[in-house]
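So the structure is just underneath, and the comments pick up after that.
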Amino acid sequence: MCGIIGIIGTQPAAALLVDGLKRLEYRGYDSAGVATLVNGKIDRRRAEGKIVNLQSVVDTAPLDGTIGIGHTRWATHGLPTENNAHPHATDKVALVHNGIIENFQELRAALADGGRAFETETDTEAVVHLISSLMDDGMTPEEAVAATLPRLEGAFALVMIFSGEENLMIGARRGSPLAIGYGDGEMYFGSDALALAPLTQRICYLEEGDWAVIAREEARIFDLNNAAVERPVVETALSGALIGKGNFRHFMLKEIYEQPAVIGDTLHGVLNPATNTITMPPLPCDFAKIPRVTISACGTAYYAGLVTKYWLEQHARVPVEIDVASEFRYREAPMPEGGLAVFVSQSGETMDTIAALRYARESGQHIISIVNVPESSIARESDAVLRTHAGPEIGVASTKAFTTQLTVLACLSIEMARARGAIDTARERELSQALAEVPGRALEVLNRDKEIESLAQLLVEARDVLYLGRGTAYPIALEGALKLKEISYIHAEGYAAGEMKHGPIALIDENVPVIVIAPGNDPLFEKTAGNVQEVIARGGNVIFLSDKKGVERMESQAKPTASLVLPEVDPFVAPILYSIPVQLLAYHTAVLKGTDVDQPRNLAKSVTVE
């Protein structure tokens, strides 16, 4: 996860930029940098590693200028070197970037054919050269940015300055958050309010697709169609959990909308989009020799582990055992010598999971943890840590933590499948490419939010709701039911679709909505469609989640009460994508019922007792 700050003011900017980056360091600290205009020309200071290294560089070689941008980086496919650190620059523009430019290879090839020379391994540099080439053709900075943005695919936030333009800064967001700060004769860009907290309390949060042009005395904002728009300016608190809520009604909704960005951030450190390969950090064992994988977690994290069981068994051809952490050690399960135990926890402090980890350690297992907090207890007691880059999650019901856990576990599954020789290079690239496309497809799902909000009307009066899925859709059915229970207090249950006829079908009537998760290109689609017909034949109200082909195939057999058309993706990544609509469905149902969405009754964010 990368952090961005921009300042256009009246006092030296470099020290303020570095200070802002310190507040954003939780977003990444592989490298950092700042750039300002000095006598109208771009000057930069960059450093590998933490912000303290950049601070030392700036102290040693001070940087003048009252306009500048700063960036703290979680490394993408490029190594975390000074050369790959942001800002990236030409003689015309300097730019910082958070997110993924999915089509950077295509852009890079075209620009190289046109004579542009590339110096880094990053996707960001393609954007810098594209803007520069358009300016070389005679466009103004604003015109060049307006022409560039439609050509970019992926989820990103961008902030840039231009040579000779002492009173101009441009920012844009698509999927990744970006805010404007309003000062007294000064203006700012920041990844969130926390970056700008000491500078201003007046914040405007750009909406999806917005881009903005700021000067010292004004901000002009444009939407995806380049139409001038007004966005509200709000007063923010300088401390406490209210920082960063933005224009969203609840933290949960904000965090759902952050998923394209944080999934991309999580992919950055392990996925090389140039080669479509996964590169994991050093791991504690030889995957080719592992006799069994044991996964343990609680709540939503357990469902992430259950998806992983399907992935590992199908793609890596390794036996997998999974259990809820609160039960695992009390079974006194025998564990094979040299096995791998994987523990999943958002906080890294879940007591049941810690106890399960210690049992596995005593049983001679190699330990890998999937956590969002690298300093946590679970991380410290593990042989290796695979970090999710979800950032702070304030809402008690987990959303972005869950999808980033799935993202890391998908990468782990590909790496293990490759190491065991269960997939060839071509299939590895297919699966990796599917993962690289998830942030962009997640944005497409969020664009269906109004449709999902209307579907919530079908649930709000229900006492009971059923969720159905097969294969990797089954754990997402379980997760969807959990979300609805957590925040709307409606009783909900998730079932493997094939189990309906073995009991739960007795519950079906016109008052029990049934939500079916069935990607159209899933090998088990037709079997799920048959189960849907059984529900419809008994008067059930079915909400059918699939892609266009799936919805058409289903409706040709029996028409559900409502259908939601989602992007078509490789079945491997469908669990990540289909998590988002079930989150939104639960959220909108809870809002209609008037419950406390962010702090539902009887729940806590991190369970540190057994």
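The values are calculated or read from the model by the stated rules, or taken from the named source; none is laboratory data. Quick caveat, the model's predicted, so the values are computed rather than measured. Glycine gets a Cβ as well: all are built from the backbone with ideal geometry, and neighbour counts include every protein chain shown. Ligands, DNA and RNA are excluded from the accessible area calculation, which covers all protein heavy atoms including side chains. Shrake-Rupley method; radii C 1.70, N 1.55, O 1.52, S 1.80 Å.
Criterion first (open to solvent by 40 Å² or more (accessible area, probe 1.4 Å) and either touching a His at 6+ places or on another chain (Cβ under 6 Å) or modelled with pLDDT under 90 (or both)) does K245 satisfy it? Yes.
Looking for whichever is β-branched (V, I, T) and within 16 Å of T472 (Cα to Cα) here; the options are V597, V569. Which one fits? Going through V597, V569 in turn, the sole match is V569. Scanning the range 332-373 for residues that are crowded, with 18+ Cβ neighbours inside 10 Å, assigned to a loop (DSSP other than H, G, I, E, B) and free of Cβ contacts under 8 Å to residues at least 40 places away in the same chain turns up G348, N372, V373.
Total residues in the range 455-501 satisfying the condition of being among the charged types (D, E, K, R) and open to solvent by less than 10 Å² (accessible area, probe 1.4 Å): the figure is 2.
So that you can scan it fast, the table gives a plain yes or no per residue for (1) open to solvent by 20 Å² or more (accessible area, probe 1.4 Å); (2) closer than 14 Å to G68 by Cα; (3) not in a loop (DSSP other than H, G, I, E, B):
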position	(1), (2), (3)
A157	no, no, yes
I170	no, yes, yes
R174	yes, no, yes
Y188	no, yes, yes
L199	yes, no, no
E207	yes, no, no
R216	yes, yes, no
R231	yes, no, no
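When residues in the range 539-590 are screened for being closer than 17 Å to K450 by Cβ and in contact with a strand residue (DSSP E or B) (Cβ under 8 Å, 6 or more places away or on another chain), 11 of them pass.
Rundown of residues vs (1) touching a residue at least 12 places away in the same chain (Cβ under 8 Å); (2) out of contact with any Leu (no Cβ under 8 Å at 6 or more places or on another chain); (3) assigned to a strand (DSSP E or B); (4) open to solvent by less than 10 Å² (accessible area, probe 1.4 Å), yes/no style:
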position: L54; (1), (2), (3), (4): yes, no, no, yes
position: D59; (1), (2), (3), (4): no, yes, no, no
position: N83; (1), (2), (3), (4): yes, yes, no, no
position: D91; (1), (2), (3), (4): yes, yes, no, no
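On the stretch given as the range 115-155, residues that are open to solvent by 20 Å² or more (accessible area, probe 1.4 Å), in a helix (DSSP H, G or I) and among the hydroxyl-bearing types (S, T, Y) total 1. Within the range 379-407, the set of residues being surrounded by fewer than 24 Cβ atoms within 10 Å (Cβ to Cβ) and in a helix (DSSP H, G or I) comprises A379, R380.
For beta carbons closer than 9 Å, sequence separation of 6+ or different chains, a first residue in the range 169-183 that is closer than 18 Å to L17 by Cβ and a second that is aromatic (F, W, Y) and modelled with pLDDT under 90, the qualifying pairs are L178/Y205; A179/Y205; I180/Y205. So, in the range 68-107, how many residues would count as being among the basic types (K, R) and within 25 Å of the chain's Cα centre (by Cα)? Number satisfying all stated conditions: 1. The number of residues in the range 446-504 that are among the aliphatic types (A, V, I, L, M) and more than 22 Å from the chain's Cα centre (by Cα) comes to 14.
If the condition is being in contact (Cβ under 8 Å) with a residue 60 or more places away in the chain, over 26 Å from the mean Cα position of the chain (by Cα) and open to solvent by less than 30 Å² (accessible area, probe 1.4 Å), then the range 309-331 contributes only V318.
Please verify whether the range 569-591 includes one or more residues that are open to solvent by 50 Å² or more (accessible area, probe 1.4 Å) and either out of contact with any Leu (no Cβ under 7 Å at 6 or more places or on another chain) or of a type in the set (A, V, I, L, M) (or both). Scanning the range 569-591, I find no residue that is open to solvent by 50 Å² or more (accessible area, probe 1.4 Å) and either out of contact with any Leu (no Cβ under 7 Å at 6 or more places or on another chain) or of a type in the set (A, V, I, L, M) (or both), so the answer is no. Listed by position, the helices (runs of 4 or more DSSP H) enclosed by the range 500-610 that each have at least 1 residues that are farther than 22 Å from G299 by Cβ and at pLDDT below 90 are 525-537. Within the range 537-574, the set of residues being charged (D, E, K, R) and touching a Lys or Arg at 6+ places or on another chain (Cβ under 8 Å) comprises E568 only.
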